[in-house]
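Below: one structure, written as structure tokens.
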Amino acid sequence: MKIEPLTCALGAEITHLQVSEAITNDDLAAEIKALLLTHKVLFLRDQQLDDTQHAAVARLFGELEDHPLASSVEGEPGIIHIYKTPDNPPDRYENGWHTDATWRENPPMGAVLRCVECPPVGGDTMWANMEWAYERLPEHIKNDIDDLRARHSIEAVFMAAKPIEERLAMKQRFPDPEHPVVRTHPETGHKSLFVNGFTTHFTNYHNPRRVRYGQDWTMGATDLLRYLTSQAAIPEYQVRWRWTPDAIAIWDNRCTQHYAVMDYPACHRKMHRATIVGDRPF
């Protein structure tokens with residue numbers, strides 16, 4: 001097994017390995033888990049996996065969960081198929097920086113994404129290191145946000161274009177959770193910036209330390225949230241992966257954001273994904 005870091009910030013490509021070997025090799029599984037904590041995103045090409053093996057690899061990291069807007073494949077709970085075809089072009093919903101499902105009380109720990117078919121060029125995915133995004137903030141910003149908390153919403157993003165009945169029903173099913181703006185990784189203890197495209201507002205910004213008049217609250221909080229969410233877009237924090245058939249990516253959702261680049265024309269792009277149950281951020 002060979003490990004090659006792809007950028008200074010995050011991401012490593014593993015070669016000379018079929019990741020399915022880790023399903024029955026506890027030592028190898030432990031090594032891959034340790035590499036994920038170090039590099040935050042792992043990439044492998046030419047992986048011969050079916051959906052059952054794909055799910056088994058993902059379960060090395062924890063139990064799998066379903067997505068409320070995407071049905072799992074029959075016979076393999078936790079695996080969803082994300083297909084784009086010439087008749088079903090990119091819907092532009094994924095091309096924004098985000099941490100998966102922070103609108104859950106317990107957002108996913110991570111995911112394993114496998115490419116089945118992809119455009120000849122385009123359709124890359126990017127990841128950002130949100131630990132660096134936090135560590136490299138100005139000290140006065142870090143001091144100001146360490147105790148901040150924020151709401152995250154599925155209603156305001158994926159459900160915004162739905163009929164009001166569907167939108168309200170989904171919000172009742174997934175009430176907007178409150179998460180810390182600065183999250184502590186449960187395994188490494190490292191802090192990361194934990195706001196993204198699902199974050200709607202701070203919940204404890206309005207206090208005498210920050211607010212003198214109304215504009216301090218409305219503009220101050222809005223400008224700060226906009227500034228924090230923009231940090232994922234800094235190139236020095238990123239890695240960009242070009243897909244090929246049978247390539248996979250494994251990422252730690254607790255300390256990264258990602259962005260599906262929608263630069264490709266109407267064509268076939270078939271991805272299979274397993275999402276791993278996570279814990280409550282603190």
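Observations on the structure shown:
- Test: residue in segment 215-224 that is among the β-branched types (Val, Ile, Thr) and farther than 30 Å from residue 116 by Cα: yes
- Selection over segment 258-282 of residues that are of a type in the set (D, E, K, R), closer than 18 Å to residue 61 by Cβ and part of a loop (DSSP other than H, G, I, E, B) gives a count of 2.
- Failed condition for residue 192, given (1) in contact with a Cys (Cβ under 7 Å, 6 or more places away or on another chain); (2) over 29 Å from residue 141 (Cα atoms); (3) surrounded by 14 or more Cβ atoms within 10 Å (Cβ to Cβ): (2)
- Residue pairs meeting the criteria (Cβ under 9 Å; at least 6 apart or on separate chains; first at positive phi, in segment 81-96; second at pLDDT 80 or above): 92/262
- Some residue of segment 189-203 being farther than 24 Å from residue 9 by Cβ, at pLDDT 95 or above and among the β-branched types (Val, Ile, Thr): yes
- From 218, 184, residue being without any contact (Cβ under 8 Å) to a residue 60 or more places away in the chain and either within 30 Å of residue 36 (Cβ to Cβ) or among the polar types (S, T, N, Q) (or both): 218
- Top-ranked residue of segment 4-41 - restricted to ones that are surrounded by 16 or more Cβ atoms within 10 Å (Cβ to Cβ) and assigned to a strand (DSSP E or B), ranked as nearest to the chain's Cα centre (by Cα): 41
- Within segment 127-183, being in a loop (DSSP other than H, G, I, E, B) and of a type in the set (D, E, K, R) holds for 136, 146, 147, 155, 162, 176.
The values are calculated or read from the model by the stated rules, or taken from the named source; none is laboratory data. Just so it is clear, the model here is predicted, and its values are computed rather than measured. Here Cβ is always computed from backbone atoms with ideal geometry, including for glycine, and neighbour counts include all displayed protein chains.
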